[in-house]
Structure formats: C-alpha cells, structure tokens
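The values are calculated or read from the model by the stated rules, or taken from the named source; none is laboratory data. Keep in mind the model is a prediction, meaning the values are calculated, not measured. Counting neighbours? That spans all protein chains shown, and the Cβs are built from the backbone with ideal geometry, glycine included. The accessibility values were calculated without ligands, DNA or RNA, using every heavy atom of the protein model including side chains. Shrake-Rupley method; radii C 1.70, N 1.55, O 1.52, S 1.80 Å.
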Amino acid sequence: MLDTDFFRRWMTATAVSVDREAERLTDLDSPIGDADHGSNMQRGFTAVTAMLEKEAPTTPGAVLMLSGRTLISTVGGASGPLYGTLLRRTGKALGDAGEVGAEQFAEALREGVDAVMALGGAAPGDKTMIDALVPALDALGDGFLAARAAAEEGALATTPLQARKGRASYLGERSIGHQDPGATSASLLIAGLAEAAGE
C-alpha cells in the first residue's frame, strides 16, 4: 500500500531531480521553446516542497491536490496548468483514503493524464509530456522501475518527431531533432515514483 509519506517522498524526489536537471531542461527548451522550462519547473517544485512542509497534508490525495495547486500558482507558461492539472486530478481521484493500492493509484494517474490531454489537446506522438506519461502508465502494472524506463524511452523518442502542440509547434519542421523538454520533465516525475519506493 502507498501511504501519505510515499506521496510526500515522490514530490520531494521529483523536486531534487528537477533541481539537478534544471539546466538540461532549459537547454532542451532553448531551440524549440522559451528557454525557461528548467527554471519554471525548479521554482514550482521548490514551492511544492516548502508548501508540503508548511501545511503537512494527511492523505495521499491531499498531498497531490496541494502540490498541483502550488504548481499552478508558481510555474509560468503552459507547464504550471498542465502539471497542476495532472497532480490535482490524480489527487481528486484518490479521494480521502489514508492509503491506496498500486492499482488504485494507476487508475487515478490515468485520470490525471486524461485531464492533461483534454486541457492541452495533445495525444501521443505530438511531441509533448504525453509522450512520456502514456508509456509510463502502460508500464505501471509492471512496477515503478518499468514505468520509469518507459517514460525515459518515451522522452527520447520525441527527438525525431515534429511538434504538433505547444510553443514548439510554431517551428514546424525545425522542431524535428530536438528532445521535448516537457516529456523530459515528465520522465523525471515518473522516475520520482521509483525513488520514493526505494527502487
């Protein structure tokens, strides 16, 4: 079972890896975006860890709802609403349970990913965070390490794609040959699950 502490560890592990990879995320964003994805995500997840310390939510759902709200209010650009929606919708789907099973979490996360697709209008293959999240979801039944590997592969697989959504889509064919920064940060979020589980 996954308890409140697990979800706090997930957010903290993600914050640490976003902090470590912020420069690389910005480097990926430079040729096809606004060159601010790393700093935006860093600011957002730093705020998330501070808010979790301050408010100390007591259920898995509450951890994710608070984290999502914090990202929406602190992250600039499209990333704040997209990541915020992902975590808030996942948290809402978990409800008030003090612990959740792996299957329940997978179903809730799918609701979160569906909400992101609805909000951003993106589908797999559009060169967005969805290209990391959907493979991770599909692999989640085999454990967090499998989900992590699938997300990382999904992010890498965005390199030869032409962007069809978001800022990068304005570049047309010039977006080809660049790994998507949103898919890359999404793979860090999924990797945080394995770290939170001590895998």
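Highest mean first, the peptides 38-46, 127-135 sorted by other C-beta atoms within 10 Å per residue fall in the order 127-135, 38-46.
Peptide packing: for 90-100, 174-184, the average count of neighbouring Cβ atoms within 10 Å per residue gives the ranking 174-184, 90-100, highest mean first.
The lysines within cross-link reach of Lys54, meaning a Cα-to-Cα straight distance under 26 Å and a gap of 8 or more places when in the same chain, are Lys92.
Select one label from [x] 18.2, 54; [y] 20.4, 67; [z] 15.4, 48: the one whose number is Rg and Dmax of the Cα atoms in Å as derived from the coordinates shown. Read-out from the structure maps to [z]. Structural descriptor for the chain: relative contact order 22 percent, calculated from alpha carbon pairs under 8 angstrom and at least 6 residues apart. Surface analysis of the range 100-152 yields an accessible area of 40 Å² per residue, using protein heavy atoms and a 1.4 Å probe. Derived scalar couplings between HN and Hα for the range 185-195 equal 5, 5, 5, 5, 4, 5, 4, x, 4, 5, 5 Hz in order, rounded to whole Hz, by the Karplus curve 6.51 cos²θ - 1.76 cosθ + 1.60 (θ = phi - 60°), x for Gly and Pro. Bridgeable aspartates and glutamates around Lys127 (alpha carbons under 17 Å apart, same-chain partners fewer than 8 residues away excluded): Asp27, Asp29, Asp34, Asp114, Glu152, Glu153, Glu173, Asp180. Potential lengthening of the chain between Ala123 and Arg24 amounts to 33.2 nm, from the contour at 0.36 nm per residue minus the alpha-carbon distance.
Full extension of the chain between Glu111 and Ala50 gives 19.3 nm of extra length, using 0.36 nm per residue less the Cα-Cα distance. Using the 1.4 Å probe convention, the accessible area of the range 1-61 works out to 47 Å² per residue with neighbouring protein chains retained.
Of interest is the spacing of the C-alpha centroids, which for the range 55-123 and the range 1-43 amounts to 15 Å.
Sorted by average packing, counted as other Cβ atoms within 10 angstrom per residue and highest first, what order do 74-87, 4-17 take? Mind dumping the intermediate values first?
Details: 74-87: 21.8, 4-17: 19.9.
Ranked from most to least packed, the peptides come out as 74-87, 4-17.
Net charge around Ala146, counting only other residues with Cβ within less than 14 Å of its Cβ (Lys, Arg = +1; Asp, Glu = -1)?
On the way: positive: Arg148; negative: Asp138, Asp142, Glu152, Glu153, Glu199.
Net local charge, Ala146 excluded: -4.
Computed over protein heavy atoms with a 1.4 Å probe, the carbon and sulfur contribution to the accessible area of the chain reaches 50%.
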